[in-house]
Amino acid sequence: MLPIMKGRITWRALALGVVAWAAMLVAPAPAQAEYGDVVINNYADAAGMRPAVFSHWFHRIRFRCKVCHADLGFQFKAGGNKITMAKIIDGKFCGACHNGEIAWSVENCGMCHSGVPGTPTHFHGSTVQTLVAPPYQPLTGSAAPAPAAAPKK
Amino acid sequence: MNLHKKTLFMVGAFSLFLVGSACSAQPQVAPRPDGSVPVKDLSYAPEYKPVDEMAQSDVQVIHIAQVDDINSFNRNLKKPKGIHLPPAEDGLRDPQNEATHILAAPKPAFEGLPPTEYGNRVDWVKTLDDKKIRPRWEREDPDAEPFVMDLDIVRPVKASVPDVVFPHRQHTEWLFCSNCHPAIFIPQKGANQINMSAILLGQKCGVCHGKVSFPITTKSCRKCHSKPKPDDWKPPLSEATLKNPWK
């Protein structure tokens, strides 16, 4: 129905409609990554790196859950392991395999640190993420990521 | 007259209050007899450490993303571009990162694997049973065999939905006992209170189901709720009915 009522155009309704349509067209499409992809951004943004993205599907074709979650001590929680590069180089967590012997080594920064800068730690596509996750609040103060500074490769 | 006196008194009191507060606001530096300057106590201020300005090594704040799927039913919003998109197009990884284009794409990897309608759209348990994939049980030993326990646990459900059968076999193919016991499930009959709300909130079964293993959707109910109710099953009486003294 046209926004013409009682002989005059309700410009307000028209403008609102245009804005709504523009928002729909401009709004970014939701991420379509695989179920089980984990973004880990505990320290990466603050350090000027892209956040690390872990693919469960890729790893579960090659290893059973037990290898990482029992032998290597990974917790069942996104961002709950407080992984740092120091620990990985030390042979803990990812570094148990990503050492150049079982899988490629830590020199390939961009293979893990491939996330869109500023993406918070979360479990992509998880039920909790869909239903009950609290709103994302960016860090404030010195730990806040600098959006202008492009992360180094 | 009485009122006038009262007003005068109030004005006087107010002006005294103003003057007093103005005087006390100014710092009163008491001169010392020897002429030295008193040292201010700075214990309230945090110690300045230049190292802290560089980087916070132990940042405790964990980012959590926004709820993004609330309006997925809105047909005016953008449609998903498709399933199993390559890493550069999935919206999570940065296409400007060169290594993103080297990463493996899911679509070729999932070809030939038994499909489902949820999660990765791959039936991982069937994939493993059919030996379509050979994931390692030990990190360095490709031939190690898992410690499989074939024990089904039947959990009667209060509601009228079918009872839950928990198969240990499928779970021990992937996981080790210590992954679930005793932190998530106490290995004792009747010791675990499980309900769907807890699972949807990421507790109990929801620690994995809803994150990596098959999610809770309207199409996956029957994967767990698989044992039909016994013929003589009746809905349980409510607490109020049971405690009713006039029953």
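The values are calculated or read from the model by the stated rules, or taken from the named source; none is laboratory data. Owing to the predicted nature of the structure, the values given are computational and were not obtained by experimental measurement. Quick reminder, even Gly has a Cβ in these numbers, built from the backbone with ideal geometry, and neighbours come from all protein chains shown.
Worth a mention:
- The residues on offer are A:19, A:106, A:26, and the sole one that is more than 7 Å from every other protein chain (Cβ to nearest Cβ), modelled with pLDDT of 90 or more and farther than 25 Å from residue B:134 by Cβ is A:106.
- When B:223, B:227, B:204, B:211 are screened for being in contact with a helix residue (DSSP H, G or I) (Cβ under 6 Å, 6 or more places away or on another chain), of a type in the set (Lys, Arg), modelled with pLDDT of 90 or more and under 22 Å from residue B:125 (Cα atoms), only B:204 passes.
- Count - residues of region B:62-109 that are of a type in the set (S, T, N, Q) and modelled with pLDDT under 90: 5
- Positions within region B:107-162 being part of a helix (DSSP H, G or I) and within 30 Å of the chain's Cα centre (by Cα), in sequence order: B:107, B:109, B:110, B:124, B:125, B:126, B:127, B:128
Residue by residue, here is whether (1) under 29 Å from residue A:61 (Cα atoms); (2) part of a helix (DSSP H, G or I); (3) within 17 Å of the chain's Cα centre (by Cα); (4) not polar (S, T, N, Q) holds:
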{"position": "B:186", "(1), (2), (3), (4)": "no, no, no, yes"}
{"position": "B:190", "(1), (2), (3), (4)": "no, no, no, yes"}
{"position": "B:202", "(1), (2), (3), (4)": "yes, no, yes, yes"}
{"position": "B:240", "(1), (2), (3), (4)": "no, yes, no, yes"}
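- Take the conditions (1) within 30 Å of residue A:113 (Cβ to Cβ); (2) free of Cβ contacts under 8 Å to residues at least 40 places away in the same chain; (3) in contact with a Lys or Arg (Cβ under 7 Å, 6 or more places away or on another chain); residue B:124 misses just one of them, which is (2).
- Yes/no for residue B:133 being at the interface with chain A (Cβ under 7 Å from one of its Cβ atoms) and among the β-branched types (Val, Ile, Thr): yes
- Here residue B:171 clears all of (1) closer than 18 Å to residue B:119 by Cβ; (2) loosely packed, with under 11 Cβ neighbours inside 10 Å except the condition numbered (2).
- If you go through region A:90-105 and pick out every residue that is surrounded by fewer than 21 Cβ atoms within 10 Å (Cβ to Cβ) and touching a helix residue (DSSP H, G or I) at 6+ places or on another chain (Cβ under 6 Å), you end up with 2.
- Whether a residue is under 21 Å from residue B:222 (Cβ atoms) and free of Cβ contacts under 8 Å to residues at least 12 places away in the same chain was assessed, and residue B:181 does not pass this test.
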